[in-house]
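Below is one structure, written out as structure tokens; comments come after it.
Nothing in this text is a laboratory measurement; each read-out follows from the coordinates by a stated rule. Keep in mind that what you see is a predicted model, and the values were worked out from it rather than measured. Every residue, glycine as well, gets a Cβ built from its backbone with ideal geometry; the counts of neighbours run over all protein chains shown.
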Amino acid sequence: KAFVEVLLAARDHGMDILETACAMALEQRTVTVTVILNLVHRLAHPLPPPPQQTPEALHLKEEPTADCSRYDTLRGKPYVH
């Protein structure tokens, strides 16, 4: 059953990723289905890069205000709920 689960991971993510995950599990000496599948998912879906710092020139100097009544003026008459 465990072997089938590992083979199904190859179908979903590719044999290259599965081989890499198995090699990593062997290096760590923790060869279990759970560890291999965890490594496969980490290799297939890596974490996004950390957020970048925004340059000071791109920071807002004045926060915009929400004015929903502008949409009523576009319609020509106020809308009453």
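Can you give the percent of C-alpha pairs in the chain whose distance is more than 16 Å?
Every Cα pair in the chain considered, those over 16 Å come to 68 percent.
One chain, two ends: residue 38 and residue 52. Fully extended at 0.36 nm per residue, the span grows by 2.3 nm beyond their Cα-Cα distance.
Backbone N atoms of the range 1-29 closer than 15 Å to the 7 Å Cα→Cβ label point of residue 45 belong to residues 9, 12-14.
Which longest run of the chain has no exposed loop site in it, a site being trypsin sites (Lys or Arg not before Pro) in a DSSP loop with at most 11 other beta carbons within 10 Å, and the site itself not part of the run? With a cap of 11 other Cβ atoms within 10 Å, the longest stretch comes to 30-60. Based on Cα contacts under 8 Å between residues 6+ apart, the chain shows a relative contact order of 23 percent.
Rounded to the nearest 0.05, the FRET efficiency derived from the C-beta distance between residue 11 and residue 69 at R0 = 35 Å is 0.05.
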